[in-house]
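Heads up: the structure comes next, in structure tokens.
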Amino acid sequence: MKIDHIGYAVKDIAKAKSILETLGYLFEETITDCDRNIDIAFGEMDGYRIELVAPISNGSPVDNYLTNIGATPYHICYVSNDIEEDIKLLVKKRFKVIIPLAPAIAFGGKRVVFLYSLTIGMVEIVEAH
């Protein structure tokens, strides 16, 4: 699988974008994902993509990171050509599905899944097609 982006949990998308733009990142428009209770902004610099994820309100998937750690990188997203098979493979390798496979507005409806490994932490997988 190829890396698509690194996800960062942030409290405020606008502030985080401003700082990262100073470093040279160019950002797309912010996307609101009401189903996941988050705002998302993708940025790119020199071929590297990052995703800023901020809660809209309490109960978002990044609340625990922001409460316990603060703003932080918290997942790497990989692109899969066969997402169902890759999920099966990772589950056999002791990953646990923590957010089931579902369409994501940030990827134009492509399905994503989040898995967790005690050894390496959280990964996101997005289908290629």
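With springs only between Cα atoms under 10 Å apart, run a GNM on the chain and tell me which of Ile83, Ile50, Ile69 wobbles the most.
Ile69
How high is the relative contact order of the range 6-129, in percent, counting Cα pairs under 8 Å that sit 6 or more residues apart?
On the way: 231 pairs, mean separation 28.8, N = 124.
Relative contact order for the range 6-129 comes out at 23 percent.
DSSP loop (so not H, G, I, E, B), at most 11 other Cβ within 10 Å: list which trypsin sites (Lys or Arg not before Pro) in the range 27-124 pass both filters.
Answer in residue order: Lys93, Arg94.
Just to confirm the filter: which GluC sites (Glu not before Pro) across the range 23-61 are DSSP coil and have at most 11 other Cβ within 10 angstrom of their Cβ?
On the way: sites: Glu28, Glu29, Glu44, Glu51; in loops: Glu28, Glu29.
Answer by residue number: Glu29.
Choose one answer from Asp12, Asp82, Asp46: the residue with the largest mean-square fluctuation in a GNM of the chain with alpha-carbon springs under 10 Å.
Asp46
No value in this document is a laboratory result; all are computed from the given coordinates. What you see is a predicted model, and the numbers here were worked out from it, not measured in a lab. Note that each Cβ is placed from the backbone with ideal geometry, even for glycine, and that neighbours are counted across all protein chains shown.
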